[in-house]
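Worksheet: one structure, shown below.
Coordinate-derived values only; no laboratory data. This is a predicted model, so every value here is computed, not measured. FYI the Cβ positions are ideal-geometry reconstructions off the backbone, even for glycines, and counts take in every protein chain you see.
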Amino acid sequence: MNDDSPLSCSQDDFSLSVLPMPLSRIVTTSWDDGDVTDLRIAALLRDRKLAGTFYVPIAGHHRSGVMGARELITLRTAGFEIGAHGTSHLTLPTCNREQLTREVEFCKKHLEDLLGDPVRMFAYPRGKYTNMVIQAVKRAGYAGARTTQMLVQNLAFDPYRMPTTVHVYPHSPSVYVRNAIRAADFAGAWKYLMRLRHAGSWVELSKVLFDLTLRRGGIWHLYGHSWEVDELQLWDDLEEILDYVSGRADVLYLPNAAALDMLPSQKSHLPCNDVCPSEK
Ligand SMILES: [Zn+2]
């Protein structure tokens, strides 16, 4: 999966075998773990009219300050999407069938009862999933699920393997390559090695990939963890990239589920690696 597919109709890679299609340019963001610091992220997004999906486990994760009902309702009322992130943030491929069902179904029902809205999206805790996990997510009634695959801008993906473009984290180059290879995205690994590894910081990489999305169409998906942004003091960098991508003409700013609605209808045809990239 890469941005050189027929859905990317740039001047330089257009061929006679591919009919030109209207370019969709989508910006979406997603934020995992339900930490109370998500409210600070939401304020940054709101100030720039950016959309976001907040993936929330029911039991707390990482830090004690997980959002409660009031905070979640505040986010939803402000127009952000709430997605599920497991009942207790278990690594799903390690669960037996009963645990798996509880992890993907209870959190959906709990959030829907709380919010009074359908919860359409799921994010795999630690980015780990198998075919069995995907089947459980489908049975639970989700419209799609987000992975932690990075560097993807192409809109032709399986909704239950929704990739991202950039993680708010100063990864080393080898992490990007390993992440793509684990997702069987060998073209993505090659693209990174040949064209992107000199971008430097994650902020510069984000800008380069956003500029490519503007030129070729596709999706630019930023994901992260507010607690991590806080621990690593990445707030200034985050504001820089949010400023860079906001307020652009001809760009749709959508939460994750609405971005999936823009996908060409398709059945999954992508190779399934048994266990997919982890969050880092
Ligand atoms: Zn998580």
Through the Karplus equation 6.51 cos²θ - 1.76 cosθ + 1.60, θ set to phi - 60°, convert the phi angles of the range 148-160 into ³J(HN,Hα) values in whole Hz; use x for Gly and Pro. 10, 5, 10, 6, 9, 10, 6, 7, 8, 9, 6, x, 8
Please work out, to two decimal places, the log10 of the ratio I(q)/I(0) at q = 0.09, 0.13, 0.15 Å⁻¹ from a Debye calculation in which every Cα of the chain carries one identical scatterer. -0.38, -0.83, -1.13
Quote the charge dipole size of the chain about the Cα centre in Debye, to the nearest 20; the model charges only the Cβ of Lys and Arg (+1) and of Asp and Glu (-1). 640 debye
Structure shown: which of Lys49/Lys109; Lys108/Lys138; Lys49/Lys207 lie over 23 Å apart, alpha-carbon to alpha-carbon? Lys49/Lys109
Could you bin all the Cα-Cα distances of the range 135-224 into 5 Å bins starting at 0 and give me the percent of pairs in each, rounded to whole numbers? 3, 14, 24, 26, 17, 8, 5, 3, 0
If we count every other residue with Cβ under 11 angstrom of Gly86's Cβ, Lys/Arg +1 and Asp/Glu -1, where does the sum land? 0
Output the 0 to 90 degree angle, nearest 10, between the alpha-carbon long axis of helix 97-115 and the longest principal axis computed from the alpha carbons of the chain. 90 degrees
